[in-house]
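Okay, structure first, notes after.
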Amino acid sequence: MCINCKERFLQKDLLRLQCVNKKITKHSGIGRSFYICKKCLNDKNLAKNLAKICKIDPKTALKMLKEIIDNG
Ligand SMILES: [Zn+2]
């Protein structure tokens, strides 16, 4: 389920991420993870929702997300 729109998608249509020590990274296979769907990647509420999960500020959250996307 996407943390932003709360809709359900196939796993291949979702980006699986995790937050470790206030850093958002791709899921390493260990620990808790969360999902974002592709259509929410540009959603204006995403930064806020990411920030809440990771307990960081929305600007930082969005920056880290962008780096993950840019790096594939
Ligand atoms: Zn979504």
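The values are calculated or read from the model by the stated rules, or taken from the named source; none is laboratory data. This one's a predicted model, so the numbers in the text were calculated from it and none came from an experiment. Cβ atoms come from the backbone with ideal geometry, glycine included; neighbour counts cover every protein chain shown. The accessibility values were calculated without ligands, DNA or RNA, using every heavy atom of the protein model including side chains. Shrake-Rupley method; radii C 1.70, N 1.55, O 1.52, S 1.80 Å.
Observations on the model:
- Summed over segment 21-39, residues that are of a type outside the set (Lys, Arg) and within 16 Å of ILE3 (Cβ to Cβ) total 9.
- Residues within segment 34-53 that are under 9 Å from the mean Cα position of the chain (by Cα) and away from the ligand (no atom under 15 Å from the Cβ), tallied: 0
- Within segment 50-63, the set of residues being part of a helix (DSSP H, G or I) and open to solvent by 30 Å² or more (accessible area, probe 1.4 Å) comprises LYS52, ILE53, PRO58, LYS59, THR60, LEU62, LYS63.
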